[in-house]
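Structure, as structure tokens:
The values are calculated or read from the model by the stated rules, or taken from the named source; none is laboratory data. Just so it is clear, the model here is predicted, and its values are computed rather than measured. In this analysis, Cβ positions are derived from the backbone assuming ideal geometry, glycine residues included, and neighbour counts consider all displayed protein chains.
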Amino acid sequence: MSIHINAKPGEIAETVLLPGDPLRAQWIARTFLKNATLYSDTRGMLGFTGFFKGKRVSVQGTGMGTGSVLIYAHELIHEYGVKRLIRVGSAGAFQKNVQLKDIVIAMSASTDSAFNKLRFKGASYAPTADANLFIKAVEVAKKLALPVHLGNIFSSDLFYRDDPEDYKKWAQFGVLCAEMETAPLYTIAAQHQVQALSLLTISDSLITKEVSTRVERETSFENMITLALNLL
């Protein structure tokens, strides 16, 4: 049993879906998994294990931001032997063609966080998706006829920024959207030689100013979850 996850050994599958919102974890378990059981509710960060098409899979809430996702990823890898970490999160669009409810498969993640600058003594490290998971996700999306966007995203330490136009410098370089967890997730997965991939549903747009409701963010990401589970 780890500090932040009160699961017993063997209760967590080798593949774990990682929504930031614990209520989204609960919704995924109830909606998509058979025989789902709650293995952890420490700090209200819910975790479940169940079955999808006969394959055992877990879903664990991670909270928001670099520090939180690194804690849960570290404990899942080191305490429970998890081999595949698939983030299923929300993001804000930076490009006109990336619209509400679209799915983004994150090939890489730029960031304004200093966690890798500290680790690599000022040098830049490029957090990147596991190649095999990324290629498989593209193939599965085609089979399911799900339109997706592929490319670089932006993992920020700041949700509220002083300059609301700051995103434009990232958009100019083709960055698709912003969220807060992918860069650290890809880094820790690479460090410990496990697979990681981020699938993101666009919940708001910095261009059109459209915003999904709280309920929509919790429960309307069916296509993204279907894509993630079919990677099994």
Can you give me the number of residues within segment 61-110 that are assigned to a loop (DSSP other than H, G, I, E, B), in contact with a Gly (Cβ under 7 Å, 6 or more places away or on another chain) and hydrophobic (A, V, I, L, M, F, W, C)? 1
Candidates G151, G174 - the one that is outside any strand (DSSP E or B) and either among the hydroxyl-bearing types (S, T, Y) or modelled with pLDDT of 95 or more (or both): G174
Within segment 69-78, identify whether any single residue is among the charged types (D, E, K, R), modelled with pLDDT of 95 or more, farther than 21 Å from L231 by Cα and surrounded by fewer than 23 Cβ atoms within 10 Å (Cβ to Cβ), and answer yes or no. yes
Residue count for segment 143-164, restricted to those that are out of contact with any helix residue (DSSP H, G or I) (no Cβ under 7 Å at 6 or more places or on another chain) and surrounded by 11 or more Cβ atoms within 10 Å (Cβ to Cβ): 7
Based on this model, can you work out whether T66 counts as over 30 Å from E165 (Cβ atoms), touching a strand residue (DSSP E or B) at 6+ places or on another chain (Cβ under 8 Å) and crowded, with 20+ Cβ neighbours inside 10 Å? no
If we keep just the residues of segment 1-41 that are in a strand (DSSP E or B) and not polar (S, T, N, Q), which is surrounded by the most Cβ atoms within 10 Å (Cβ to Cβ)? L17
Please find, within segment 53-69, the residue that is nearest to I3 (Cα to Cα) out of those that are under 12 Å from the mean Cα position of the chain (by Cα) and among the hydrophobic types (A, V, I, L, M, F, W, C). V69
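Counting residues that are among the β-branched types (V, I, T) and either buried (at least 18 other Cβ atoms within 10 Å of the Cβ) or within 13 Å of the chain's Cα centre (by Cα) (or both), which helices (runs of 4 or more DSSP H) fully inside segment 181-232 reach at least 3?
182-191
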(1) assigned to a strand (DSSP E or B); (2) within 12 Å of the chain's Cα centre (by Cα) all hold for G50 apart from (2)
For segment 196-213, pairs from a residue that is of a type in the set (K, R) to a residue that is surrounded by fewer than 18 Cβ atoms within 10 Å (Cβ to Cβ) and assigned to a loop (DSSP other than H, G, I, E, B), with Cβ under 9 Å and 6 or more apart or across chains, are none
Filter segment 111-137 down to the residues that are under 12 Å from A196 (Cα atoms), assigned to a helix (DSSP H, G or I) and polar (S, T, N, Q) and list them by number. N132
